[in-house]
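One structure below.
The values are calculated or read from the model by the stated rules, or taken from the named source; none is laboratory data. From a predicted model like this one, the values you see are computed outputs, not experimental measurements. Ideal geometry is used to build each Cβ from the backbone, glycine not excepted, and the neighbour counts take in all protein chains shown. Keep in mind that these areas ignore ligands, DNA and RNA; they rest on the heavy atoms of the full protein, side chains included. Shrake-Rupley method; radii C 1.70, N 1.55, O 1.52, S 1.80 Å.
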Amino acid sequence: KNLISIIIPVYRGNPVYFNKTIESCLNQTYDYVEVIIIDNGCNDALQDTLSELNTKENVTVVKNSKSGVCSGRNLGVKTAKGDYIMFLDADDWIESNACEILLNHAVEAEADCVICNYSRDYSDHSEKMLQCIRAGRII
């Protein structure tokens, strides 16, 4: 089975959104998922949550000594054990079957990269961005 590593850099995250992000990662229909949270200087409101998450078998919390989302993502890649890597921000969430669908597309197309739909949610409406799933090889 292919392992999917989901990398989430967090800096001063909103606990409500962050909890929704983590819940969406941990409740995937695909079972072989590891979640790597990069602590880029989380606020106190998230420290208890990070400590609790770090006790879960498929979650790793890594303290980043450098600052910035890019260094956090790079540290996440170095930490990842997965065959595939997914990046999320601390206020993103994914559908429960996202990993399964994306992996199936990647395997079927023998793809190095898969890009999928996403929505931007606002208080009064949502906007769907991209209207397809694309899979391809990196040359």
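Report ASP91's accessible area, 1.4 Å probe, all protein chains in place, as a number in Å² to the nearest 10.
90
Go through LYS56/LYS78; LYS20/LYS63; LYS1/LYS128; LYS1/LYS78 and tell me which ones have a Cα-Cα distance over 28 Å in this structure.
Working: LYS56/LYS78 20 Å; LYS20/LYS63 21 Å; LYS1/LYS128 31 Å; LYS1/LYS78 21 Å.
Exceeds cut-off: LYS1/LYS128.
Using θ = phi - 60° and the Karplus relation 6.51 cos²θ - 1.76 cosθ + 1.60, list the HN-Hα couplings for region 94-110 in order, rounded to whole Hz, with x at every Gly or Pro.
Those phi angles translate into 10, 5, 5, 10, 4, 4, 5, 5, 5, 4, 4, 5, 5, 5, 4, 8, 6 Hz.
Hey, with R₀ at 25 Å, roughly what FRET efficiency would ARG134 and ASN58 work out to, going by the Cβ-Cβ distance, to 0.05? Walk me through the numbers on the way to the answer.
Details: r = 28 Å, r/R0 = 1.11.
With a Förster radius of 25 Å, E is 0.35.
Probe radius 1.4 Å, ligands and nucleic acids ignored: give me the carbon and sulfur share of the accessible area of the chain as a rounded percent.
On the way: 4150 of 8780 Å².
Accessible surface attributable to carbon and sulfur in the chain totals 47 percent.
For the chain, with every protein chain kept in place, what is the accessible area per residue (1.4 Å probe, Å²)?
Details: 8780 Å² over 139 residues.
That works out to 63 Å² per residue.
Given the convex hull of the Cα atoms of the chain, what is a quarter of its surface area in nm²?
Values: hull surface 36.2 nm².
Dividing the Cα hull surface by four gives the mean projection, 9.1 nm².
Quote to one decimal, in nm, the extra length available between GLU127 and PHE87 on full extension: 0.36 nm per residue of separation minus the C-alpha distance between them. Numbers along the way, then the final one.
Details: separation 40, 0.36 × 40 = 14.40 nm, distance 2.04 nm.
Stretched out fully, the GLU127 to PHE87 stretch lengthens by 12.4 nm.
Whole-Hz ³J(HN,Hα) for each residue in region 116-128, computed from phi via Karplus 6.51 cos²θ - 1.76 cosθ + 1.60 with θ = phi - 60°, x for glycine and proline: what do you get?
Karplus-based 3J(HN,Hα) across region 116-128 equals 10, 4, 8, 10, 9, 9, 10, 4, 10, 6, 10, 10, 7 Hz.
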